[in-house]
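Remarks on the structure that follows.
Nothing in this text is a laboratory measurement; each read-out follows from the coordinates by a stated rule. Predicted model only: the values in this text are computed from it and were never measured. Ideal geometry is used to build each Cβ from the backbone, glycine not excepted, and the neighbour counts take in all protein chains shown.
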Amino acid sequence: MMRLAFTKGGGKYDRLEVLRDGAAPETIDCPKQGIIPHDMVHFAVESVMAARGFLSILADGAPATFAPGGDSAESIERLVETIQAEAWSGPAPAAEVVALYELTCDARGSTVIPVDAAAIDAIRARMAELTAQWAAVPVGGTLTLAFGG
């Protein structure tokens with residue numbers, strides 16, 4: 001199991017520390033974006049979807065500096081972008097979120113992975129939980145999440 005320790009920064013960045021058994025911790029700077037950190041959005045999406053994305057590849061031992069590639073990782077990245085866009089702009093009907101995801105995949109040449117309204121609702125619920133948890137973390141505090149299993 002991998003642990004993700006998100007530390008809330010006081011400036012322009014938050015920080016993610018990737019903690020894996022038997023490996024040195026790795027740190028990723030997370031630019032503040034007005035919502036939860038980007039890699040926390042990955043956590044929300046990848047903990048719901050069966051497809052492999054950035055965090056799944058990290059959990060398998062890839063260094064934090066790797067460049068995600070491959071159909072599944074690219075498809076998950078497009079879904080993360082779509083979910084982030086909704087978080088910035090406000091909720092839309094699930095069918096519109098799915099349509100935007102499919103359009104984004106088409107524009108970027110990514111394979112569309114199956115996503116339905118139930119998956120969007122589950123991701124939204126996870127996003128709401130994470131948003132509430134992150135809001136409760138003071139500057140300098142850390143929220144640790146377990147990923148994989």
Response to the item:
Karplus ³J(HN,Hα) for segment 117-124 (6.51 cos²θ - 1.76 cosθ + 1.60, θ = phi - 60°; Hz, whole; x = Gly/Pro) runs 4, 5, 5, 4, 4, 5, 5, 4
Practice prompt. Pop out the ³J(HN,Hα) list for segment 79-86 in order, Karplus 6.51 cos²θ - 1.76 cosθ + 1.60 with θ = phi - 60°, rounded to Hz; leave Gly and Pro as x.
Written response: 5, 4, 4, 5, 5, 4, 4, 5
Worksheet item: Name the GluC sites (Glu not before Pro) in segment 58-117 that are in a loop by DSSP and that have at most 13 other C-beta atoms within 10 Å, would you?
Response: none
Discussion item. Rounded, prolate or oblate for the chain? Axes are the square roots of the Cα gyration tensor eigenvalues, ordered a ≥ b ≥ c, and the cut-off for rounded is a/c under 1.5.
Written reply: oblate
Worksheet item: Where does the charge balance sit around G11 when Lys and Arg score +1, Asp and Glu -1, over other residues with C-beta under 15 Å from its C-beta?
Response: +2
Worksheet entry | Cα-projected label distance for A117 with E17, points at 7 Å along beta-carbon direction, nm | 4.4 nm
Worksheet item: Summing -39500 (n - 2.57) over the DSSP H runs of n ≥ 4 in the chain and dividing by its residue number, what mean residue ellipticity at 222 nm do you reach, to the nearest 500 deg cm²/dmol?
Response: -14500 deg cm²/dmol
Discussion item. Just to confirm a number: summing +1 for Lys and Arg and -1 for Asp and Glu over residues other than G109 whose beta-carbon lies under 15 angstrom from that of G109, what do you get?
Written reply: -4
Discussion item. Please list, in order along segment 87-101, the HN-Hα scalar couplings obtained from phi with the Karplus expression 6.51 cos²θ - 1.76 cosθ + 1.60 (θ = phi - 60°), rounded to whole Hz, x for Gly and Pro.
Written reply: 5, 6, 9, x, x, 10, x, 3, 4, 6, 5, 4, 4, 5, 4
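At a Förster radius of 25 Å, what calculated FRET efficiency corresponds to the Cβ-Cβ distance of A5 and E96, to the nearest 0.05?
About 0.15, to the nearest 0.05.
Highest mean first, what order results for 124-132, 41-49 on Cβ atoms within 10 Å?
On the way: 124-132: 15.6, 41-49: 22.7.
Result, highest mean first: 41-49, 124-132.
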Worksheet item: Tell me, in nm to one decimal, what length is gained between A125 and D71 on full extension, where the rule is 0.36 nm per residue of separation less the Cα-Cα distance?
Response: 16.9 nm
Discussion item. Running a GNM on the chain with Cα contacts under 10 Å, which residue among D116, D60, D21 ends up with the highest mean-square fluctuation?
Written reply: D21
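Report the net charge of residues surrounding R52, where surrounding means a beta-carbon distance below 9 angstrom and charges are Lys +1, Arg +1, Asp -1, Glu -1.
That works out to -2.
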